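Beneath this line is the structure, given in structure tokens, with notes to follow.
The values are calculated or read from the model by the stated rules, or taken from the named source; none is laboratory data. None of the values given here were measured: they were computed from a predicted structure. For neighbour counting, all protein chains shown are included, and Cβ atoms are generated from backbone atoms with ideal geometry for every residue, glycine included.
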Amino acid sequence: MSDIILATFNARYTHTSLGLRYLYANLKEFQAQTEIMEFVINSQVGDAIESIMSKKPRIVGFGAYIWNANEISEAITILKQISPETVIILGGPEASYTPHRVDFSAADYIIQGEGDVAFYELCKSLHVNNPPKQKLIKAQMVDLNKIELPYKYYNDHDVANRYIYVEASRGCPYSCEFCLSSLDKKVRNIEIEKFLKELDILWDRGVRNFKFIDRTFNQGIDRANKLMDFFLSKEPPYFIHFEVIPDNFPKTLRERIVQFPPACLQLEVGIQTLQPEISENIYRKLNIPKIQENLEFLEKETKAHLHVDLIVGLPGESLEQFGSNLDMLHAMTKCEIQIGILKKLSGTTLNRHDDLHGMLYSNKPPYDILQNSLISFEMMQKMKRFARFWDMVYNSGNFKRCVTYLFEEGKVYEGFFAFSEWVYNKTESTWQISLDRLASLLFEYLSVVLHVNQEQLKLDMIEDIMVVRGRKLPKFLRYEEVLHVRSEKEQVMFNKRQQKHSKTE
């Protein structure tokens, strides 16, 4: 039995909840009677509640995020129906900001803000039968150097099977209107030596996949250098992921990045738009010459795996401007380009653009834009499909050679838009399209519509698909060919996605 259950629904089984572990780490005298229970969004909510209630808890704390808001709403509703005496405490970004566009009314208490300390204080009040009178509890920002860090509460199963999320800081100095991190404009750092000791303990336990959730890893260069030095002192293979700002790569940081071997370092580079007037309008810093310079460095001189972002639907930005962004960005780098659809999160100031630009959003998570004065609903639907097919064909790395045939004279947006329209007309779906089926569709489009030479196209597609050793060729490509296969040593070093994007060829 556990008096307190900390629960959430993760987006994938391989994910872990850092937030729940922070709560657990700071529960003091209640820790011994508390348990963390993590579920996955594609599991049955009823089954999750059954598991929770088998512990007969007095208190259940749920972490609500954009990806699990519907599941959390359903879970707290069911839980309150079958066990009205159980106290439900809700926290997390989706609960912290109003208006709530998902029904969280079944919760007894909602902690708005950082719950590391506030959750403990609430449990303490409930334990002595002195419950707060107010349902909404506004938590204060915590001192990261005075609270307990959560990393020892990743268990051995987490270490062996799941990503380990870590943070060296909280907050962001920038004011991008679409991002909740911009609401906390002050970056608060964890004392670096203290944090490095935690990393060392995780490393000794066997952790080799570290995902940093810091919003501006390379804002403080001295700290960034020390973190880089920590991993450079370790023996690969390992995988670390950082979110970085695109205009701050001084010499000392560059010297370290170039030392990382393939498939060890992934950098997520926020771009969002390359239109100065659009960027200024949403309070996003944009330095295009610096972005070009740094992307060129990362692309040509390092083995880092890059992941850059663009957004469709920003206030005042037309599809022609978005297309120009994509063409420009592709000319700068051949890395993954994540195409996102603008979302309006509660708490942000995006709503100030609604009337001027005719911005309409879905009221269901993830709150995607439906249309605006420059992009109709029909075209926004097409762009959502564009983004999905782009991820399947371009970002997957499955068709690195073949996809270039789509981009005649650098017209990346125009070429891929035509292809995405053709694929959707053929399939009437953006889901459950197998790799063999996708390869067949791409081959048909390139050979029949664009008249690419079939024999050369077959050779290119075979090379593309067989980059990952052990794959079977689609039936339409199975004929006698001598295929290049990477050495056994190289195969061990790469996870599949990184291997397909490898710069070692």
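At a glance:
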{"quantity": "Residue pairs meeting the criteria (Cβ under 6 Å; at least 6 apart or on separate chains; first touching a residue at least 40 places away in the same chain (Cβ under 8 Å) and within 15 Å of Phe476 (Cβ to Cβ), in the stretch 449-460; second of a type outside the set (A, V, I, L, M) and outside any helix (DSSP H, G or I))", "calculated": "Asp460/Arg401"}
{"quantity": "From the options Phe443, Phe416, residue that is under 20 Å from Ile339 (Cα atoms) and either in contact (Cβ under 8 Å) with a residue 24 or more places away in the chain or not assigned by TED's automatic domain parsing to the domain that holds Val403 (or both)", "calculated": "Phe416"}
{"quantity": "Residues within the stretch 255-280 that are surrounded by 18 or more Cβ atoms within 10 Å (Cβ to Cβ), farther than 19 Å from Ile240 by Cα and not hydrophobic (A, V, I, L, M, F, W, C), tallied", "calculated": "4"}
{"quantity": "Residue in the stretch 263-274 that is farther than 25 Å from Lys343 by Cβ and at pLDDT 95 or above present", "calculated": "yes"}
{"quantity": "Ile375 being buried (at least 19 other Cβ atoms within 10 Å of the Cβ), touching a strand residue (DSSP E or B) at 6+ places or on another chain (Cβ under 6 Å), in contact (Cβ under 8 Å) with a residue 40 or more places away in the chain and of a type in the set (A, V, I, L, M, F, W, C)", "calculated": "no"}
{"quantity": "Filtered residues of the stretch 399-450 (kept if surrounded by 15 or more Cβ atoms within 10 Å (Cβ to Cβ), among the hydroxyl-bearing types (Ser, Thr, Tyr) and assigned to a helix (DSSP H, G or I))", "calculated": "Tyr405, Tyr413, Ser420, Tyr424, Thr427, Ser440, Tyr445, Ser447"}
{"quantity": "Members of the stretch 291-324 found to be among the charged types (D, E, K, R) and either surrounded by 20 or more Cβ atoms within 10 Å (Cβ to Cβ) or within 30 Å of Ser373 (Cβ to Cβ) (or both), listed by number", "calculated": "Asp309, Glu317, Glu320"}
{"quantity": "Verdict on Asp327 being surrounded by fewer than 21 Cβ atoms within 10 Å (Cβ to Cβ) and assigned to a helix (DSSP H, G or I)", "calculated": "yes"}
{"quantity": "Long-range neighbours under 7 Å by Cβ, at least six apart or interchain, first residue closer than 16 Å to Met380 by Cβ within the stretch 342-355, second assigned to a helix (DSSP H, G or I)", "calculated": "Lys344/Leu350; Lys344/Asn351"}
{"quantity": "Among (1) of a type outside the set (S, T, N, Q); (2) within 15 Å of Cys335 (Cα to Cα); (3) in contact with a strand residue (DSSP E or B) (Cβ under 9 Å, 6 or more places away or on another chain) - the single one Lys300 does not satisfy", "calculated": "(3)"}
{"quantity": "From the options Lys146, Lys152, Lys133, residue that is closer than 22 Å to Arg215 by Cβ and surrounded by fewer than 14 Cβ atoms within 10 Å (Cβ to Cβ)", "calculated": "Lys146"}
{"quantity": "3 or more residues over 26 Å from the mean Cα position of the chain (by Cα): qualifying helices (runs of 4 or more DSSP H) within the stretch 7-112", "calculated": "45-53, 69-82"}
{"quantity": "Pick from the stretch 163-189, criterion of a type in the set (A, V, I, L, M, F, W, C) and not in a helix (DSSP H, G or I), ranking: nearest to Lys146 (Cα to Cα)", "calculated": "Ala168"}
{"quantity": "Lone unmet requirement of (1) in contact (Cβ under 8 Å) with a residue 12 or more places away in the chain; (2) over 18 Å from Glu38 (Cβ atoms) for Gly92", "calculated": "(2)"}
{"quantity": "Which listed residue is touching a Ser or Thr at 6+ places or on another chain (Cβ under 9 Å), closer than 11 Å to Val312 by Cα and surrounded by 17 or more Cβ atoms within 10 Å (Cβ to Cβ), from Ile339, Ile369", "calculated": "Ile369"}
{"quantity": "Any chance Glu428 is at pLDDT below 95 and farther than 29 Å from Phe322 by Cα", "calculated": "no"}
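Residue by residue, here is whether (1) crowded, with 18+ Cβ neighbours inside 10 Å; (2) within 30 Å of Lys285 (Cα to Cα) holds:
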residue	(1), (2)
Cys179	yes, yes
Arg188	no, yes
Phe195	yes, yes
Arg208	no, no
Ile213	no, yes
Arg223	yes, yes
Asp229	no, yes
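Yes or no, residue by residue, for (1) closer than 28 Å to Lys56 by Cβ; (2) over 23 Å from the mean Cα position of the chain (by Cα); (3) not assigned by TED's automatic domain parsing to the domain that holds Gln272:
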residue	(1), (2), (3)
Glu121	yes, yes, yes
Leu149	no, no, yes
Asp156	yes, yes, yes
Arg170	no, no, no
Leu180	no, no, no
Glu193	no, yes, no
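Quick grid of which residues meet (1) assigned by TED's automatic domain parsing to the domain that holds Glu320; (2) hydroxyl-bearing (Ser, Thr, Tyr); (3) within 21 Å of Glu280 (Cα to Cα):
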site	(1), (2), (3)
Ile337	yes, no, no
Gly358	no, no, yes
Met380	no, no, no
Met392	no, no, no
Val403	no, no, no
Gly410	no, no, no
Ser420	no, yes, no
Asn425	no, no, no
Glu428	no, no, no
